[in-house]
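See structure below.
The values are calculated or read from the model by the stated rules, or taken from the named source; none is laboratory data. All values reported here derive from a predicted model rather than from experimental measurement. Please note: Cβ atoms are built from the backbone with ideal geometry, for glycine as well, and neighbour counts cover all protein chains shown. Remember, those area values only see protein heavy atoms, side chains included, never the ligands or the DNA or RNA. Shrake-Rupley method; radii C 1.70, N 1.55, O 1.52, S 1.80 Å.
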Amino acid sequence: MSRPRAKLTGNFPGCPVESTLSFIDGKWKGVILYHLMNEGTLRFNALRRHIPSVTQRMLTKQLRELEEAGLISRKVFAVVPPRVDYDLTPLGHSMQPVIAALKTWGDAHVVCEQGERRVVPPLARGTLEAAE
């Protein structure tokens with residue numbers, strides 16, 4: 001029987017991985033970081049346009065969590081209508097290799113066609129490309 005994680009604090013080899021994943025867990029955090037890395041500073045509505053399937057409430061929640069983790073910064077401008085810009089912090093920029101690795105893996109193993117997404121094993125991917 002496995003021991004609860006709380007008792008593994010002294011010797012838990014997965015701790016760095018789990019800790020890193022805790023910063024980008026959530027359905028949209030990695031996607032938000034990806035767009036900020038590629039586009040630079042973005043306003044709230046620009047992020048919504050980049051991620052059309054996210055709700056306003058969920059985007060707000062994910063942005064707040066990323067800000068609380070220190071990965072993004074939020075700058076509010078005192079104008080009418082209100083303007084809020086989001087940008088990566090230096091800590092957020094340090095996540096670039098992690099996000100790039102996720103994109104590279106997705107490019108190699110995920111096929112999105114006709115509104116469906118499927119994972120293709122490495123050997124099958126070569127077969128699919130040869131058939132085309």
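Any residue at all in the stretch 64-79 that is under 15 Å from the mean Cα position of the chain (by Cα) and assigned to a strand (DSSP E or B)?
So far as the stretch 64-79 goes, yes, one or more of its residues are under 15 Å from the mean Cα position of the chain (by Cα) and assigned to a strand (DSSP E or B).
Taking the condition of being in contact with a strand residue (DSSP E or B) (Cβ under 7 Å, 6 or more places away or on another chain) and surrounded by fewer than 10 Cβ atoms within 10 Å (Cβ to Cβ), how many residues in the stretch 84-116 meet it?
0
What residue, among those in the stretch 40-63 that are of a type in the set (D, E, K, R) and part of a helix (DSSP H, G or I), is least open to solvent (accessible area, probe 1.4 Å)?
R48
If you go through the stretch 1-39 one residue at a time, how many are at pLDDT 95 or above and loosely packed, with under 13 Cβ neighbours inside 10 Å?
Of the residues in the stretch 1-39, 2 are at pLDDT 95 or above and loosely packed, with under 13 Cβ neighbours inside 10 Å.
Pairs, please: C-beta under 8 Å, at least 6 apart or cross-chain, first residue open to solvent by 60 Å² or more (accessible area, probe 1.4 Å) and in the stretch 64-83, second not in a strand (DSSP E or B)?
Between residues of the stretch 64-83 that are open to solvent by 60 Å² or more (accessible area, probe 1.4 Å) and residues that are not in a strand (DSSP E or B), the close pairs are E65/G26; E65/K29; R74/L63; R74/E67; V76/P82.
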